Amino acid sequence: MVAHNAPDPILSASHPHVLTPEFAKMLEENGYTHVRVLDDGSVAALLRLMFTTSICVDINWDSWVSRYCFKDPALALEQLNLMRSPDDVPTGFIARRGYEPENDSSSIVPRK
């Protein structure tokens, strides 16, 4: 992802808590859709790749922390809508990249 002239304060993977217009614009310009602010303030969204649709989690100005790839875009959207925190792991993905939560049961179990 390319971000030009990121405003201050720079949103980071440590939970931005606010989806600023500048950050939302950058996400849109880089192909992210269905952007959500999760309960802890982190940002997650869908990103269409060459052969899959991915859920990108804990997105910041430079990158993302986790990515889950799905063959079925509808399943990716369904799983994104179930997420409450970056530690929630969706089901049905065919590949993943980045951070893997320690207690990964490969199913979304929202924190209380």
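Please treat every number below as a calculation from the coordinates, not as lab data. Remember, it's a predicted structure, so these values are computed and weren't measured experimentally. Glycine also receives a Cβ, built like all others from the backbone with ideal geometry; neighbour counts cover every protein chain displayed.
Key figures for this structure:
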read-out: Length added when fully stretched, R84-N30, from 0.36 nm per residue minus Cα-Cα; value: 17.1 nm
read-out: Packing-based order for 56-69, 32-45, using average beta carbon neighbours within 10 Å, highest first; value: 56-69, 32-45
read-out: Chain lengthening between R48 and A74 when straightened (0.36 nm per residue, less Cα-Cα); value: 8.2 nm
